[in-house]
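Read the figures in this text as sums done on the coordinates, not as results from a lab. Predicted model, so just to flag it, every value in this text is computed and none were measured. When we count neighbours, we look across all protein chains shown, and the Cβ atoms used for this are built from the backbone with ideal geometry, even at glycine.
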Amino acid sequence: MKYKHLFGPVMSRRLGVSLGVDLVPYKYCPLNCVYCEVQSTTNLSVQREEFFVTKEIIDELDSFLQNKPQLDYITFSGAGEPTLNSGLGQIVSYIKENYPAYKLALLTNGVLFNDPRVRKEVMGCDIVLPSLDAASQAVFQKINRPHSALNLDVIIEGLVKFRREYMGKIWLEVFLIPGINDGETELCAMRDAIRQINPDLVQLNSLDRPGTEAWVKPLSLSAIKQVRRFFSSSLPMPVEVIAKVKYNTQANRMDEEVINLLHNTLKRRPSTAEDLSAMLDIHINEVGKVLRQLHLEGRVQVKREKRGVFYTWKE
Ligand code: SF4
C-alpha cells in the first residue's frame with residue numbers, strides 16, 4: 001500500500017523508532033515560525049477541520065500495523081500542526097483500542113490547548129511534546145508570527161489546564177534564538193511560565209538546519225548550556241539540551257536508503273528539501289530529518305537562494 005499520511009519509521013532523536021502520522025495538508029499551521037524547517041506557513045489557520053476522511057488515515061494505520069512492526073512510538077507530526085485535524089481524537093481512540101501495545105506521541109506547538117475539545121482528544125497519548133519559545137507577546141510575535149486570534153497568555157493558560165488534567169508525560173521544547181529569547185528578562189519570564197505549566201521535562205533546542213528566515217542563527221552550545229544551568233537552578237523538573245547526535249548504527253541502517261537517494265540526486269544538482277520530497281516521493285519530515293544529520297556531519301553544503309535553501313552533496 002502506498003501511504004499518504006504515514007512516513008518512516010524514522011529514528012527520532014527524542015523518541016527512538018517512530019512511525020510518523022501526518023494529519024494536515026502541507027503547512028497548515030496557526031504559527032509561521034522563523035525557524036521552521038519546512039518553509040513559510042502557507043495556510044495560517046486556527047480553524048480545526050477534518051481535512052481528509054478520517055477512515056482513510058485509519059485504513060493506512062491498519063495496513064501498516066497488521067505486520068506488528070517494532071516501534072517505540074506512533075507519532076502525530078508533519079509539516080503542519082496535527083491538532084488542527086478535528087479527527088485527531090477519533091484516531092487516537094482507534095489506535096488505543098485496536099493496537100494497545102503501541103505508545104502514542106504528539107508533537108505540537110500547543111497553541112490550541114485552551115480548547116477543551118483538543119485537550120480531551122489527546123488524553124489517550126502517552127507523551128505530548130509541546131513547544132514554548134516565548135513568554136511575552138512581543139517575542140512570541142517575533143519568533144512564532146502567530147495567527148491574529150492567538151494570545152500568548154491564553155496559550156500558556158491552556159498548557160497549564162492540560163497539565164492538570166493529563167496524566168501522561170509532557171516534554172516541553174524551548175527553541176532558543178540568539179538576541180531574541182536568550183536575554184535575562186525573557187528567560188526569567190519563560191522560567192515563570194514553565195513553572196506554571198509544570199512539564200515532566202524541558203528540552204532546549206536551537207537551529208541545526210537553515211530555517212525559514214536567513215537571519216535566524218543557532219545559539220552556541222556553551223550559551224545553550226548556560227540557559228540550561230539557569231533553568232535547572234530554579235525549576236523543579238529536569239532540563240536537557242536536545243542532543244545533536246551523530247548517526248548511530250541503527251539510525252544509519254534505517255536511513256541508508258534515503259541517504260543513497262539524496263546522494264544520487266544532490267551530487268547531480270542542488271535541490272531544496274521540498275524538491276527532494278516531491279522528486280523522490282519521501283515525506284518532507286523524513287527528508288528534513290536526514291538532511292539535518294547530513295548537514296551536522298558536514299556531508300552537504302547549504303546555500304540560500306530566492307526560492308529557498310538549496311543542498312549540494314560535498315564530494
Ligand atoms: S515550526 Fe512547527 S509550529 Fe512553527 S511554523 Fe513550522 S510547523 Fe508550524
Quiz item: For the stretch 22-98, what mean projected area does the convex hull of the alpha carbons give, in nm²?
Solution: 5.6 nm²
Quiz item: Based on the mean of other beta carbon atoms within 10 Å per residue, what is the order of 12-20, 224-232, 59-67, most packed first?
Solution: 12-20, 224-232, 59-67
Quiz item: Given H placed 1.01 Å from N in the peptide plane, which residues other than close sequence neighbours of Phe76 have an amide H under 5 Å from its amide H?
Solution: Val21, Ala105, Leu106, Leu107
Quiz prompt | Hz values of 3J(HN,Hα) by residue in the stretch 6-19 - Karplus curve (6.51, -1.76, 1.60), Gly and Pro given as x | solution = 9, 9, x, x, 10, 8, 8, 4, 9, 10, x, 6, 10, 8
Practice problem: Obtain the nm distance between the two label points defined at Ala278 and His147 by a simple spin-label model: each point lies 7 Å from its Cα along the Cα-to-C-beta direction. | Solution: 2.6 nm
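Pull out the extension gain between Lys68 and Ser234, defined as 0.36 nm times the separation in residues minus the alpha carbon to alpha carbon distance; nm, one decimal. Before the final figure, lay out each step's value.
On the way: separation 166, 0.36 × 166 = 59.76 nm, distance 4.36 nm.
Gain on extension, Lys68 to Ser234, equals 55.4 nm.
Grab the beta carbon distance between Arg269 and Met1, set R0 = 35 Å, and tell me the FRET efficiency rounded to 0.05.
E(calc), rounded to 0.05, equals 0.65.
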Quiz item: When the convex hull of the C-alpha atoms of the chain is computed, what volume per residue in Å³ does it have?
Solution: 130 Å³
Quiz item: Which residues' amide hydrogens lie under 5 Å from the amide hydrogen of Ile177, considering only partners 5 or more residues apart or on another chain, with H built in the peptide plane?
Solution: Asp182
Exercise. Could you run the Karplus curve 6.51 cos²θ - 1.76 cosθ + 1.60 with θ = phi - 60° over the stretch 191-206 and give me ³J(HN,Hα) per residue in whole Hz, x for Gly and Pro?
Key: 4, 5, 5, 5, 4, 5, 5, 6, x, 7, 8, 10, 10, 9, 9, 8
Quiz item: What does the highest-first list of 200-213, 263-276 look like by mean Cβ count within 10 Å?
Solution: 200-213, 263-276
Exercise. List the cysteines in the chain whose Cβ has no other cysteine Cβ under 4.7 Å from it.
Key: Cys29, Cys125, Cys188
Quiz item: If the cut-off is a Cα-Cα distance under 20 Å, which lysines reach Lys217, setting aside same-chain residues fewer than 8 apart in sequence?
Solution: Lys142, Lys225, Lys244, Lys289, Lys303, Lys306
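Given a Förster distance of 41 angstrom, what is the FRET efficiency for Val241 paired with Glu315, based on the Cβ-Cβ distance and rounded to 0.05? Can you show the working numbers first?
Details: r = 32 Å, r/R0 = 0.79.
According to the calculation, E is roughly 0.80.
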Exercise. Using the Karplus curve 6.51 cos²θ - 1.76 cosθ + 1.60 with θ = phi - 60°, work out ³J(HN,Hα) for each residue of the stretch 90-96 in order, rounded to whole Hz, and write x for Gly and Pro.
Key: 5, 5, 4, 4, 4, 5, 5
Quiz item: What residues have an amide H closer than 5 Å to that of Leu207, excluding those fewer than 5 places away on the same chain, when H is modeled at 1.01 Å from N in the peptide plane?
Solution: Leu219
